[in-house]
Ligand SMILES: C[C@H](CCC(=O)NCCS(=O)(=O)O)[C@H]1CC[C@H]2[C@@H]3[C@H](O)C[C@@H]4C[C@H](O)CC[C@]4(C)[C@H]3C[C@H](O)[C@]12C
């Protein structure tokens, strides 16, 4: 499972949890402006917006899971297994629109678009193909969240075509498709951050017998639908200061509400999904903050500390070993 969320204070933040039972060896990856993208069908882009995000670099190519660009547009891919369906690639002379392989989708949008509005224009003129990166790295079944400080959309490529939905909640998890996720929020219309009132039945006077009963009724399991509801409630009720440290701290608490602990979700015999990493990107400043399962200390990489006019990828391996800060020895 995975969860993505956006958060706005003085700046705009976007991030995700990556829940899985193994890691591909992903790294924080900065793609500077002059790294040449050689798209499978859409040709080369030599000069473009710079990106920072999490990617598995294969054969020198950044296979992004989530990223933001220097203009403040962000995007993340989350599993959509069983529902994702892509187009067959057509010969060039049989289509007028750009064909983009699913593994190229994040760089295709983020190298060229500064806003969600511009991304929408690209989406209206493209076919997303199921082309695999390689035999060893087959097609990933994903859907995507794309956001800037003003709006957020979800893109789902399904058997009946490419859907682009407004996302007023700024949250995405996995299955079912986004409209069903949104619809499920109706079941929680009565939930409140306040202590519950006794409205169960007129003949009964029920007691709010403990503090902390705000949010009563929100699901707590790790299913995708439940995480959607939980993180939407947490994010939309979230209160924090506006400063960077307060915003980043709060963001990790929002995604922490759906953190996945080893042992709770067995995906195959003896294999457990865990939150491998959690990210939070300040989209205005190009800073990628992250924690890992064993390293709860927030670590950060700033894209603007690098030479963004270079043509070489810049990678930082995840610092995944945690440290205890002793106070008495
Ligand atoms: C497994 C990841 C999604 C995690 C997630 O959503 N978990 C939920 C599990 S569940 O269904 O709800 O059980 C996805 C997110 C991004 C994906 C990667 C990116 O799309 C980049 C390439 C794309 C290649 O086609 C396959 C390898 C790959 C490197 C992908 C591997 C894997 O599918 C990733 C890492």
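Dividing the alpha-carbon Rg of region 1-154 by 2.2 N^0.38 Å yields what?
On the way: Rg = 14.9 Å, N = 154, 2.2 N^0.38 = 14.9 Å.
Normalised by 2.2 N^0.38 Å, the Cα Rg of region 1-154 equals 1.00.
Just report the Cα centroid separation between region 22-39 and region 290-324, whole Å.
One Cα centre to the other: 13 Å.
On each of the three principal axes of the Cα atoms of region 1-78, give max minus min coordinate, whole Å, ordered largest first.
Principal extents (largest minus smallest coordinate, Cα): 35, 34, 20 Å.
Under 15 Å from a point placed 7 Å out from the Cα of residue 24 along the Cα-to-Cβ direction: which residues of region 34-57 have their backbone N that close?
Residues passing the 15 Å test: 53-57.
By count of other Cβ within 10 Å, fewest leading, how are 171, 203, 164 ordered? Can you show the working numbers first?
Values: 171 30, 203 5, 164 16.
Lowest count first: 203, 164, 171.
What's the percent breakdown of Cα-Cα distances in region 228-329 across 10 Å bins, shortest bin first?
For region 228-329, the binned pair fractions read 12, 34, 34, 18, 3 percent.
Listing 319, 142, 308 from the residue with the fewest other Cβ atoms within 10 Å to the one with the most, what is the order?
Taking fewest neighbouring Cβ atoms as first place, the list is 319, 308, 142.
Residue 183 to residue 242: extension gain in nm, 0.36 nm per residue of separation minus the Cα-Cα distance? Please list the in-between numbers first.
Working: separation 59, 0.36 × 59 = 21.24 nm, distance 3.10 nm.
Extra length available between residue 183 and residue 242 comes to 18.1 nm.
Gaussian network model of the chain, Cα springs within a sub-10 Å range: biggest mean-square fluctuation belongs to which of 111, 292, 139?
139
Based only on other Cβ atoms within 10 Å, what is the fewest-to-most ordering of 94, 26, 104? Could you put the intermediate results ahead of the total?
Numbers: 94 8, 26 21, 104 24.
The most exposed by this proxy come first: 94, 26, 104.
Please report how far the C-alpha centroid of region 46-82 lies from that of region 186-260, rounded to the nearest whole angstrom.
31
Please quote Rg/Rh for region 98-170 to two decimal places, taking the Kirkwood radius as Rh and restricting both calculations to Cα atoms. Spell out each step's value before the answer.
Details: Rg = 12.4 Å, Rh = 12.9 Å.
A ratio of 0.97.
Starting from the coordinates of the alpha-carbon atoms of region 160-227, obtain the Kirkwood hydrodynamic radius over all distinct pairs and give the value in Å to one decimal. Can you show the working numbers first?
Working: mean 1/r = 0.0685 Å⁻¹.
Result for region 160-227 stands at 14.6 Å.
Quick one: what Rg and Dmax do you get for the chain from the alpha carbons, in Å?
In Å, with Rg to one decimal and Dmax whole: 20.6, 73.
How many percent of the alpha carbon pairs in region 182-261 exceed a separation of 19 Å? Each step should come with its number before you reach the end.
Numbers: 1511 of 3160 pairs.
Roughly 48 percent, rounded to a whole number.
Rule-based calculations on the coordinates, nothing more; no lab input. Owing to the predicted nature of the structure, the values given are computational and were not obtained by experimental measurement. For neighbour counting, all protein chains shown are included, and Cβ atoms are generated from backbone atoms with ideal geometry for every residue, glycine included.
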